[in-house]
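A.B. asks: Below: one structure in structure tokens.
Values quoted throughout were computed directly from the atomic coordinates according to the rules given, and no laboratory measurement underlies them. Please read all numbers here as calculations on a predicted model, not as lab measurements. Backbone-built Cβ (ideal geometry, glycine too); neighbour counts: all protein chains shown.
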Amino acid sequence: MTSSDSLLDLAMKMPKTELHLHIEGTFEPEQMFAIAQRNRVALKYDSIDALKAAYQFENLQDFLDLYYQGMSVLLTEQDFYDLTMAYLKRVHEDNVVHVEIFFDPQGHLSRGVSFATQVTGIHNALADAQQQFGMSYRLIMSFLRHLDEASAFETLEQAKPYLEWIDGVGLDSSEVGHPPEKFANVFRACKALGLPVTAHAGEEGPPEYVWQALDVVGVDRIDHGNRALEDEDLIATIKHRGLTLTVCPLSNLKLCVVDTMVEHPIRAMLRLGLKATVNSDDPAYFGGYMNDNYAALVKDTQIGKEELYALACNAFTGSWLAPEDQAPHLATLKEMFAHVR
Ligand code: ADE
Ligand code: ZN
């Protein structure tokens, strides 16, 4: 059996892709205070330590309350650029070679920050990181599910001049009480524009919401999906359709979706034949970036080499990269894993 030290080393060094990452969730307290000062806006917390001390969540909503407060200091294109570039630099150190990141336009439009300001800042950072680090990317616009479908439609209208920079559409925010079917029409409109679709489902919401993501929305991917494991037919359907689950171990721990990392269901997902992947969700709030998530799994779940390999490959094959662009990364993974016993 591969020792856990060499498995950890492999996990840290292997090429990775991140498929579930909210750019606003990468807002580190230090940067948040710096940007707040630059924009002369006040934060509710009077120090970085006081803010960090508030990062104790009992559920998704506890976190979201702080997440929306934090993002409220983002005003200019430069702010969005700096936020995105800081994340990309950080995960370049973790050997992340491809990212598919969410942003929440409605969280900024509601404060008077234009779609153009947001998307230009984020896009320019992604393009610069591609130049500087050779990192490829996709940008996913996510609808806030606690708002109504009319607001999602308005957001889609705002996005239309920038569709060249938008590679897909997602659904996030408070899950319970806001089922995917609430957004059936707007997702139909997105699909008609040729946009791939993903949705948070089964993070806190019941298996019924995952069914709706599959059958009403017709998702190409499922974000989280933990509670799908409660329904055997659902597991079989996800498996049959070959859908990727973007699983977020440290997020699940911080938001009490699981009680301990030891009990995390990601290995069970693999055993059931589901295409699980590892992602960080909102790393600034949940205590870890990509490699921290892998490290937690290696240390606490007795994950084996074959499972680690499956997780790493699933992220590339589940990405929206063209197969010919996935291939070199998959070949690197094969080569690296062949050399570790
Ligand atoms: N927005 C940012 N992170 C989220 C999460 N984990 N679930 C739902 N909405 C989110
Ligand atoms: Zn998420």
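A.B. asks: Please work out the Cα center distance from the range 48-70 to the range 166-230, rounded to the nearest Å.
C.D. replies: Centre-to-centre (Cα) distance: 25 Å.
A.B. asks: Could you line up L109, L88 from fewest to most neighbouring Cβ atoms inside 10 Å?
C.D. replies: L109, L88
A.B. asks: Another one. Determine the calculated [θ] at 222 nm for the chain from helices alone, applying -39500 (n - 2.57) to every DSSP H run no shorter than 4 residues and normalising by the residue count; nearest 500 deg cm²/dmol.
C.D. replies: That comes out to -14500 deg cm²/dmol.
A.B. asks: Say we join alpha carbon atoms closer than 10 Å with springs in a Gaussian network model of the chain; which of D49, D282, D148 then has the biggest fluctuation?
C.D. replies: Looking only at D49, D282, D148, the biggest GNM fluctuation is shown by D49.
A.B. asks: Using the Kirkwood radius over Cα pairs, work out the Stokes-Einstein diffusion coefficient for the range 21-107 at 10 °C and 1.306 mPa s, in µm²/s as a whole number.
C.D. replies: Diffusion coefficient, whole number: 115 µm²/s.
A.B. asks: Starting at 0 and stepping by 10 Å, how many percent of the alpha carbon pairs of the range 1-159 end up in each bin?
C.D. replies: 10, 35, 34, 17, 4, 1
A.B. asks: Within a Cβ distance under 13 Å of C313, other residues only, what is the Lys/Arg minus Asp/Glu net charge?
C.D. replies: Net of charged neighbours comes to +1.
A.B. asks: Size of the chain along its principal axes in angstrom, Cα-based, largest extent first?
C.D. replies: Principal extents (Cα only, largest first): 55, 41, 40 Å.
A.B. asks: Among the listed pairs K254/K275; K16/K254; K13/K299; K13/K44, give every one whose C-alpha distance is greater than 27 Å.
C.D. replies: Values: K254/K275 23 Å; K16/K254 23 Å; K13/K299 16 Å; K13/K44 39 Å.
Beyond 27 Å: K13/K44.
A.B. asks: Note the full-extension length gain between D128 and A295 as 0.36 nm times their separation in residues minus their Cα-Cα distance, in nm to one decimal.
C.D. replies: Full-extension gain reported as 57.3 nm.
A.B. asks: Further question: Where the convex hull is taken over the Cα atoms of the range 184-311, what is its projected area averaged over directions, in nm²? Present the calculation step by step, with values, prior to reporting the outcome.
C.D. replies: Numbers: hull surface 31.9 nm².
Quarter of the Cα hull surface area: 8.0 nm².
A.B. asks: Hey, another quick one. Which semi-axes, in whole Å and largest first, does the equivalent ellipsoid of the range 166-245 have when worked out from the alpha carbon gyration tensor as the square roots of 5 times its eigenvalues?
C.D. replies: Equivalent-ellipsoid dimensions as semi-axes: 19, 14, 10 Å.
A.B. asks: Ok, one more. What list of whole percents do you get for P(r) of the range 93-220, with Cα-Cα distances grouped in 5 Å bins up to the one holding the largest distance?
C.D. replies: 2, 11, 21, 22, 18, 14, 9, 4, 0
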